[in-house]
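K.L.:
Sharing a structure, written as structure tokens. Questions coming.
The values are calculated or read from the model by the stated rules, or taken from the named source; none is laboratory data. Here the structure is a predicted model, which is why all the values come from computation and not from measurement. Neighbour counts are summed over all protein chains in view; Cβ atoms, including those assigned to glycine, are modelled from backbone coordinates with ideal geometry. To get the accessible areas, we keep the full protein, side chains included, count just its heavy atoms, and leave off ligands, DNA and RNA. Shrake-Rupley method; radii C 1.70, N 1.55, O 1.52, S 1.80 Å.
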Amino acid sequence: MLPDTTPDIPPDPVPPVPPRTRPHMRPLGRGGLAVVLAGLSMLGPFSIDAYLPAFPNIQASLGASAIEVQQSLTAYMLSFAAMVLWHGALSDGFGRRNVILVSLVLFAIGTVGCAAAHSVHYLWFFRVLQGISAGAGVVVGRAIIRDLYHDAEAARLLSMVTMIFSIAPAVAPIMGGFIVKYTDWRAIFLTLFAFAVGLFIVCWRRLPETLPLHKRQPFNPRFLVHNYREILGSPLFHLKSGVVALNFAGLFVYITAAPITLPTQLHLGPDQFGWLFIPSVGGIFTGALVANRIAGKMTFSRQIGIGFCFLLAAAGCNVLYHLFMPPSIPWSMVPLFFYTFGMSVVAPAATLLALDLFPHIRGTVASCQSFETTLAGAIVAGVVAPALAGSVLWLATGQLVCTSAALLLWLAARGYRQRLALDTVKQQ
């Protein structure tokens with residue numbers, strides 16, 4: 001563990017632990033911390049991917065239309081995006097651990113509500129409650145990593161979290177498909193409830209507080225407005241954050257279109273969604289493993305460049321294949337392995353570069369970064385995926401457009417940063 005090096009503030013050799021838990025707590029080591037933070041991050045993909053195969057069953061059970069069931073996903077994504085903007089600021093003001101514990105309680109309540117919903121409108125309401133709480137683990141987890149580690153060590157831990165977390169998008173749809181095939185769609189949400197309770201127990205007993213009282217920021221409107229204005233008014237932040245958001249959108253267009261595309265275009269049943277998710281998750285895991293190994297051995301810029309080579313090649317080959325060949329298994333899904341591989345190589349470096357723009361309010365920066373990524377996902381789920389779901393070629397084209405736009409943002413960020421450096425030299 002590296003000491004904090006913030007100027008004018010003495011380093012904290014050990015992250016402080018709240019007095020009420022200090023006598024009983026054994027703080028997590030780096031491997032244990034990675035597992036817990038990955039588990040917290042899994043709440044999001046489990047909340048999305050696990051119930052996708054159950055859409056027809058939910059529609060029949062609640063007497064809803066296909067669009068109404070689809071909008072339960074949009075409601076989740078919009079509430080997730082809105083609240084993720086605040087998780088970091090709350091953790092900057094009240095501590096990382098407290099925000100995580102409260103969010104787990106709210107998520108558990110929302111999950112039980114989804115399982116008990118007797119109409120699609122009740123399902124919407126409890127999906128919103130899930131959405132406003134599920135993002136805390138992703139946002140606050142990034143801040144915890146940056147509280148404790150720097151540069152290459154932070155990149156390694158972030159990629160380790162990604163490797164473990166990548167299990168969720170593979171397991172979730174397969175689990176959901178088998179549950180809905182042999183029991184009932186409500187059991188999917190009851191399984192999520194049990195997972196949230198288990199996480200709460202582990203975090204209560206083992207997760208320490210990594211933000212000391214003297215480093216916390218005041219949680220008042222004037223201070224928050226100043227912080228958000230500083231972050232959201234930075235072109236460099238939007239350029240770097242947009243790289244991660246658009247690459248994710250290129251994957252998410254496939255995920256959210258899956259309930260329509262896989263049955264109609266590829267003729268797959270609800271228990272065969274693994275054809276989409278296993279290659280995707282395999283790429284995420286392998287890319288995160290490579291990012292973990294190369295951390296500290298090359299510059300972030302070079303790492304991001306290598307990742308984009310895979311992203312563009314995979315998306316381009318996918319478009320070319322479907323221009324001349326009909327959709328088929330496994331060839332329609334193989335490019336997703338290489339796409340997500342490149343995405344996982346780019347993401348840790350781009351994430352840390354954005355966080356380091358405002359080191360004194362990393363929690364708030366992580367919130368703004370996650371907000372942009374989630375907002376992109378919500379737009380994809382509500383608008384883009386329904387428009388493209390009728391054709392695998394359209395989905396592949398949408399993915400290529402997303403990652404091409406992400407590359408343009410990265411190149412613009414480099415140019416903007418060089419221009420700022422030249423202006424600074426001229427002023428001196």
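K.L.:
Would you confirm whether or not segment 111-127 contains a residue that is assigned to a loop (DSSP other than H, G, I, E, B), open to solvent by 20 Å² or more (accessible area, probe 1.4 Å), touching a residue at least 12 places away in the same chain (Cβ under 8 Å) and over 21 Å from Ala288 (Cα atoms)?
P.N.:
Yes; the residues of segment 111-127 include at least one that is assigned to a loop (DSSP other than H, G, I, E, B), open to solvent by 20 Å² or more (accessible area, probe 1.4 Å), touching a residue at least 12 places away in the same chain (Cβ under 8 Å) and over 21 Å from Ala288 (Cα atoms).
K.L.:
Taking the stated definitions as given, is Val346 within 24 Å of the chain's Cα centre (by Cα), of a type outside the set (Phe, Trp, Tyr) and over 28 Å from Ala257 (Cα atoms)?
P.N.:
Spelling it out, it is not the case that Val346 is within 24 Å of the chain's Cα centre (by Cα), of a type outside the set (Phe, Trp, Tyr) and over 28 Å from Ala257 (Cα atoms).
K.L.:
What is the one condition in (1) modelled with pLDDT of 85 or more; (2) in contact with a helix residue (DSSP H, G or I) (Cβ under 9 Å, 6 or more places away or on another chain); (3) farther than 21 Å from Leu101 by Cα that Ala60 does not satisfy?
P.N.:
All conditions pass for Ala60, except number (2).
K.L.:
In addition: Among the numbered conditions (1) in contact with a Leu (Cβ under 7 Å, 6 or more places away or on another chain); (2) at pLDDT 85 or above, tell me where Ala258 comes up short.
P.N.:
Just one mismatch for Ala258, condition (2).
K.L.:
Also, I was wondering about something else. Which residue pairs have Cβ atoms under 9 Å apart, sit 6 or more places apart or on different chains, and have a first residue in segment 343-362 that is acidic (Asp, Glu) and a second that is surrounded by 24 or more Cβ atoms within 10 Å (Cβ to Cβ) and at pLDDT 85 or above?
P.N.:
From residues that are acidic (Asp, Glu), the pairs are Asp356/Val365.
K.L.:
For Gln217, all conditions in the list (1) assigned to a helix (DSSP H, G or I); (2) in contact with a helix residue (DSSP H, G or I) (Cβ under 9 Å, 6 or more places away or on another chain) hold save one; what is the number of the exception?
P.N.:
In the conditions (1) assigned to a helix (DSSP H, G or I); (2) in contact with a helix residue (DSSP H, G or I) (Cβ under 9 Å, 6 or more places away or on another chain), Gln217 misses (1) alone.
Table: residues versus (1) surrounded by fewer than 23 Cβ atoms within 10 Å (Cβ to Cβ); (2) over 16 Å from the mean Cα position of the chain (by Cα).
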site: Thr286; (1), (2): yes, yes
site: Met298; (1), (2): yes, yes
site: Asn318; (1), (2): no, yes
site: Phe341; (1), (2): no, no
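K.L.:
Conditions first: (1) part of a loop (DSSP other than H, G, I, E, B); (2) closer than 24 Å to Trp275 by Cα. Phe341 passes all but one, so which condition is the exception?
P.N.:
Looking at each condition in turn, Phe341 falls short on (1).
K.L.:
Which of the residues that make up segment 62-78 are under 19 Å from Ala116 (Cβ atoms) and of a type in the set (S, T, N, Q)?
P.N.:
Of everything in segment 62-78, just one residue is under 19 Å from Ala116 (Cβ atoms) and of a type in the set (S, T, N, Q), namely Ser72.
K.L.:
If we scan segment 392-407, do we find a residue that is farther than 18 Å from Leu246 by Cβ, in contact (Cβ under 8 Å) with a residue 12 or more places away in the chain and open to solvent by less than 20 Å² (accessible area, probe 1.4 Å)?
P.N.:
Checked segment 392-407: at least one residue is farther than 18 Å from Leu246 by Cβ, in contact (Cβ under 8 Å) with a residue 12 or more places away in the chain and open to solvent by less than 20 Å² (accessible area, probe 1.4 Å).
K.L.:
Can you tell me which residue in segment 131-140 is farthest from Tyr76 (Cα to Cα), limited to those that are of a type outside the set (Ser, Thr, Tyr) and crowded, with 24+ Cβ neighbours inside 10 Å?
P.N.:
Val140
K.L.:
Given Leu106, Leu85, which one is closer than 25 Å to Glu372 by Cβ, surrounded by fewer than 24 Cβ atoms within 10 Å (Cβ to Cβ), out of contact with any Asp or Glu (no Cβ under 8 Å at 6 or more places or on another chain) and at pLDDT 85 or above?
P.N.:
Testing whether each residue is closer than 25 Å to Glu372 by Cβ, surrounded by fewer than 24 Cβ atoms within 10 Å (Cβ to Cβ), out of contact with any Asp or Glu (no Cβ under 8 Å at 6 or more places or on another chain) and at pLDDT 85 or above leaves just Leu106.
To keep it simple, each residue is scored yes or no on (1) buried (at least 20 other Cβ atoms within 10 Å of the Cβ); (2) in contact with a Phe, Trp or Tyr (Cβ under 6 Å, 6 or more places away or on another chain); (3) under 25 Å from Tyr149 (Cβ atoms).
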residue	(1), (2), (3)
Tyr182	no, no, no
Gly198	no, no, no
Trp204	no, no, yes
Asn220	no, no, no
Asn227	yes, no, yes
Glu230	no, no, yes
Gly250	yes, no, no
Ile255	yes, no, no
Thr261	yes, no, no
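K.L.:
Here is a follow-up. Could you run through segment 65-76 and say how many residues are open to solvent by 10 Å² or more (accessible area, probe 1.4 Å) and either within 22 Å of Val36 (Cα to Cα) or in contact (Cβ under 8 Å) with a residue 12 or more places away in the chain (or both)?
P.N.:
Of the residues in that region, 5 qualify.
So that you can scan it fast, the table gives a plain yes or no per residue for (1) under 29 Å from Gly296 (Cβ atoms); (2) of a type outside the set (Phe, Trp, Tyr):
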| position | (1), (2) |
| --- | --- |
| Phe308 | yes, no |
| Ala314 | yes, yes |
| His322 | no, yes |
| Pro326 | no, yes |
| Pro335 | no, yes |
| Met343 | yes, yes |
| Ala347 | yes, yes |
| Ala350 | yes, yes |
| Asp356 | yes, yes |
